[in-house]
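**Student:** For reference, the structure I am asking about is given below.
The values are calculated or read from the model by the stated rules, or taken from the named source; none is laboratory data. The structure displayed is predicted, hence computed values, not measured ones. Virtual Cβ from ideal backbone geometry, glycine too; neighbours counted across all protein chains shown. Accessible surface areas use protein heavy atoms only, side chains included; no ligands, DNA or RNA. Shrake-Rupley method; radii C 1.70, N 1.55, O 1.52, S 1.80 Å.
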Amino acid sequence: MAKVLLAGESWVSATIDHKGYDPFPHTQVEIGCAQLLEDLRGGGHDVTHLRSHDVAEFFPLTREELDVYDVVLLSDIGANTLLLPPQVFDAGRPAPNRLHLLRDWVHDGGGLMMAGGYLSFQGFGAKAHYAGTAVEEILPVDIHRWDDRVESPQGVQGRLTGPDHPVVSGLDETWPILLGYQELVAKPDATVLAEIDGHPLLAVRSVGAGRTLAFASDVSPHWAPQEFMEWDGYARLFGQAMTWLAADDPDEVA
């Protein structure tokens, strides 16, 4: 099974409770990927979760550190956090460009997945800012330069597009509702495995000796509601995605 580095999917909430005359500030770390971690580990994958506030400092800066993993999963973590390690942001010293590092690692055989969210692809207010980067080069989708969110509070369903592919093996043709997604454009050499409202929901691509996958919606609330996360296909989809991304031969589909 795959050795996976999941970067992101956490946030720090800062709240001030006002109780009459007295305010009471407090903070709390929230984890959005608890269900995903449980399902991937339950399926035999070895997953390290690097929380968002640790990514700038501890995400691999060298090929030796990155080569420990078969798959990197970026979920709801913007490009700035990868581009600005402490030695750059705090000390004003040069450091490796980790977006370039990921691109080169994938070309040499690594597997990269990006899942949707407010700080994925281009994101809320275009703050995720992956458009035009080395990561966009290798993803199976092109990213708009503007806020690419499509909020769908009414619920919209993903549907398989027909290709027989191991990532979607055994999944229902129509999926449970999602409450939003990123509007993306499939690259000419990508394979779109599922669509949502006529846009790519799940796409894959071989890049050099490696593989990439884009999932345009979230792995956790709010875009991924209870109906999606409790679906039997949830664990199957993302578990099979990790297995496919970690495969040694990028030209072998099965």
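**Student:** Answer with one residue from PRO166, VAL12, ALA91: the one whose Cα lies farthest towards the positive end of the charge dipole of the chain, charges on Cβ with Lys, Arg +1 and Asp, Glu -1.
**Tutor:** Working it through, the farthest residue towards the positive pole turns out to be ALA91.
**Student:** Helix-only mean residue ellipticity at 222 nm, the chain, DSSP H runs n ≥ 4 weighted -39,500 (n - 2.57), per residue, nearest 500. What is it?
**Tutor:** -6000 deg cm²/dmol
**Student:** Which value, in debye to the nearest 20, describes the size of the charge dipole of the chain about its Cα centre when Lys and Arg Cβ atoms bear +1, Asp and Glu Cβ atoms bear -1, and nothing else is charged?
**Tutor:** Computed charge dipole of the chain: roughly 520 debye.
**Student:** Continuing with this model, one more query. Taking a ≥ b ≥ c as the square roots of the eigenvalues of the Cα gyration tensor of the stretch 136-236, is the shape rounded (a/c under 1.5), prolate (a/b larger than b/c) or oblate?
**Tutor:** Cα axes put the stretch 136-236 in the oblate bin.
**Student:** Another question, then. If r is the Cβ-Cβ distance from PHE24 to ASP147 and R0 is 30 Å, what FRET efficiency results, to the nearest 0.05?
**Tutor:** 0.30
**Student:** Please enumerate, by chain and number, the aspartates and glutamates with C-alpha under 14 Å from the C-alpha of LYS127, excluding those fewer than 8 residues away in the same chain.
**Tutor:** Within the straight-line cut-off, LYS127 pairs with ASP76, ASP147, ASP148.
**Student:** I would also like to ask the following. Compute the longest continuous run of the chain that contains no exposed GluC sites (Glu not before Pro); treat a site as exposed when its DSSP state is not H, G, I, E or B and it has at most 15 other Cβ atoms within 10 Å.
**Tutor:** Longest site-free region, per DSSP loop and neighbour criteria: 1-172.
**Student:** Over the chain, with the other protein chains present, what is the accessible area per residue in square angstrom, probe 1.4 angstrom?
**Tutor:** Counting only protein heavy atoms, the per-residue value for the chain is 45 Å².
**Student:** What is the percent carbon and sulfur in the accessible area of the chain, measuring with a 1.4 Å probe over the protein chains and ignoring ligands?
**Tutor:** 50 percent
**Student:** If you consider only alpha-carbon coordinates, what radius of gyration and Dmax does the stretch 1-150 have, in Å?
**Tutor:** 16.9, 60
**Student:** Let me ask another. Where in the chain lies the longest segment free of chymotrypsin sites (Phe, Trp or Tyr not before Pro) that are both loop residues by DSSP (not H, G, I, E, B) and have at most 14 other Cβ atoms within 10 Å?
**Tutor:** It works out to 22-145.
**Student:** Suppose every Lys and Arg Cβ carries +1 and every Asp and Glu Cβ carries -1, with no other charges. What dipole size does the stretch 116-196 come out with about its Cα centre, to the nearest 20 debye?
**Tutor:** 220 debye
**Student:** Here is a further query. For the stretch 1-140, with the dipole built from +1 on Lys and Arg beta-carbon atoms and -1 on Asp and Glu ones, taken about the Cα centre, which of THR133, GLY32, MET1 lies farthest toward the positive end?
**Tutor:** Of THR133, GLY32, MET1, it is THR133.
**Student:** Where Rh is the Kirkwood radius over the Cα pairs of the chain, the temperature 20 °C and the viscosity 1.002 mPa s, what D in µm²/s does Stokes-Einstein return?
**Tutor:** 116 µm²/s
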